[in-house]
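Okay, structure first, notes after.
The values are calculated or read from the model by the stated rules, or taken from the named source; none is laboratory data. The model shown is predicted, which means the values in this text are computed figures rather than measured ones. No Cβ is skipped: glycine too gets one built from the backbone with ideal geometry, and neighbour counts run over all protein chains shown. Ligands, DNA and RNA are stripped out before the accessible areas are found, and what is left, the full protein with its side chains, is counted by its heavy atoms. Shrake-Rupley method; radii C 1.70, N 1.55, O 1.52, S 1.80 Å.
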Amino acid sequence: MKSKSVAFAKCMIQTVSSVFIKHGLFPPVFWIFRAAMAAELDVVNLFFIAGATLAIPILGFLASFLLWPSVLIKVYYWYWRRTLGLQVRYADCGGYRFCYSYRGKPGMRPSILMLHGFSAHKDMWLTVVKYLPKHLHIVCVDMPGHEGTTRTNTEDYSIQGQFVGSIHLNRKAFHLVGTSMGGNVAGVYAACYPSEICSMTLICPDGIRHPCETKFDNHLQDLEHSNFALNIPLIPTTPDEMEDMFKLCSHVRFKIPQQGLVDVREPHNAFYEEVFMEIIGEKSRYALMEHLHLITSPLQVIWGKKDQVVDVSGATVIAELVPGCKVDLLDNCGHSVVMEKPCRTAKLILEFIILQQNARSGTK
């Protein structure tokens with residue numbers, strides 16, 4: 001009976017070892033098992049070695065999740081980029097470095113440049129990129145001071161005359177997408193460099209005088225009355241504040257490791273505060289509004305009807321000032337459109353790009 005058990009254990013260990021070797025995992029494990037088999041250890045010892053070896057990566061994962069959740073978040077984004085075929089690159093220009101991810105090459109369709117929102121980064125677009133065709137040339141850039149891009153003074157958070165030229169994206173007119181703060185920057189860029197933009201999508205952009213107040217507007221008034229002594233809702237410092245921020249920014253509720261996100265953002269909070277003060281300052285607060293009349297490229301606006309940060313009435317304001325503007329309002333969606341409705345967002349952007357390209361072809 002014992003000989004049958006030992007034979008079974010040996011067979012099982014050989015199978016496990018072959019799987020590990022096939023996938024390049026834990027090479028030392030193979031030699032441990034081989035040594036154990038050569039010495040004809042009893043069944044208990046063999047299973048103990050196998051169990052202990054398999055337990056190491058599991059315990060390591062659990063320890064990482066409990067002790068270093070921020071590490072797991074970074075690994076998660078790395079895995080997503082790898083799965084979607086995105087590569088990370090750096091572009092240097094005049095001592096300034098931009099970090100960006102891209103997929104595909106310029107082709108028949110216009111290239112797409114995506115600008116993220118306040119205190120976010122290029123990987124926020126992964127959920128949307130997932131639903132876009134793989135042949136499209138897509139570029140997602142970290143805005144200045146965010147994630148892997150060089151940090152400069154607070155007034156230098158736009159891409160004007162820097163990133164676009166450094167990767168030669170403007171050799172051919174491209175489609176520009178921006179959300180929230182990125183929408184403000186995108187709109188100003190399109191107004192200043194109209195020949196570089198063939199079409200544009202703004203997703204709940206700030207920089208607009210919207211007639212209806214939001215929950216965030218009330219927070220902002222309280223901040224101003226306190227001379228900014230209160231905590232800024234968009235810059236959480238604790239897991240509870242992080243949860244409150246998600247409730248403010250998203251109508252859909254997500255299960256996200258709050259502490260991990262706090263740990264990832266905490267080293268950058270001082271810079272975020274500087275950028276926030278710049279955004280609400282006199283120069284930038286209504287920058288998009290002041291440049292709308294200069295936008296000549298076809299414009300699409302996507303907005304969540306439940307937005308509590310920038311009121312959806314801003315879509316009507318933009319449509320009235322930009323002739324031919326296409327407006328898409330999303331039900332049961334807040335300010336975080338990219339996270340809440342990624343598939344719908346990707347579909348709307350792609351349809352708009354094709355529509356405008358077909359329109360240009362028809363006029364030639």
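Okay, here's what the table says:
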read-out	value
Residue satisfying all of: in region 189-230; aliphatic (A, V, I, L, M) and modelled with pLDDT of 90 or more; farthest from Gln357 (Cα to Cα) among these	Ile208
Scan of region 319-328 for residues that are out of contact with any helix residue (DSSP H, G or I) (no Cβ under 6 Å at 6 or more places or on another chain) and assigned to a strand (DSSP E or B), ordered by number	Lys326
Residues of region 329-352 classified as crowded, with 19+ Cβ neighbours inside 10 Å and not in a helix (DSSP H, G or I), total	6
Odd one out for Val264 among (1) open to solvent by 10 Å² or more (accessible area, probe 1.4 Å); (2) in contact with a strand residue (DSSP E or B) (Cβ under 7 Å, 6 or more places away or on another chain)	(2)
Pairs with Cβ under 6 Å, 6+ apart, first in region 208-224 and closer than 20 Å to Asn184 by Cβ, second modelled with pLDDT under 90	Leu223/Leu230
Filtered residues of region 164-182 (kept if hydroxyl-bearing (Ser, Thr, Tyr) and in a strand (DSSP E or B))	Thr179
Tyr286 being in contact with a Phe, Trp or Tyr (Cβ under 8 Å, 6 or more places away or on another chain), in the same structural domain as Phe118 (by the TED database), of a type in the set (Phe, Trp, Tyr) and modelled with pLDDT of 90 or more	no
Residue tally, condition without any contact (Cβ under 8 Å) to a residue 12 or more places away in the chain and either not small (Gly, Ala, Ser) or not assigned by the TED database to the domain that holds Glu351 (or both), over region 260-282	2
Candidates Met181, Met124 - the one that is open to solvent by 20 Å² or more (accessible area, probe 1.4 Å) and touching a residue at least 60 places away in the same chain (Cβ under 8 Å)	Met124
Among (1) closer than 23 Å to Arg253 by Cβ; (2) in a helix (DSSP H, G or I); (3) open to solvent by 60 Å² or more (accessible area, probe 1.4 Å), the one test that Gly362 misses	(1)
Members of region 282-312 that are open to solvent by less than 20 Å² (accessible area, probe 1.4 Å), outside any helix (DSSP H, G or I) and either over 24 Å from Ser250 (Cα atoms) or not aliphatic (A, V, I, L, M) (or both)	Ser284, Ile295, Ser297, Leu299, Gln300, Trp303, Gly304, Asp307
Failed criterion for Pro323 (all others in (1) without any contact (Cβ under 8 Å) to a residue 60 or more places away in the chain; (2) buried (at least 17 other Cβ atoms within 10 Å of the Cβ) hold)	(2)
Matching entry among Val275, Val252 (being over 20 Å from Asn184 (Cα atoms) and of a type in the set (A, V, I, L, M, F, W, C))	Val252
Subset of region 183-240 that is aliphatic (A, V, I, L, M), in a strand (DSSP E or B) and under 21 Å from the mean Cα position of the chain (by Cα) - its residue that is farthest from Leu292 (Cα to Cα)	Ile203
Residue within region 213-220 that is of a type in the set (Asp, Glu), under 30 Å from Thr296 (Cβ atoms) and open to solvent by 20 Å² or more (accessible area, probe 1.4 Å) present	no
Every residue from region 105-121 that is open to solvent by 10 Å² or more (accessible area, probe 1.4 Å) and modelled with pLDDT of 95 or more	Ser111
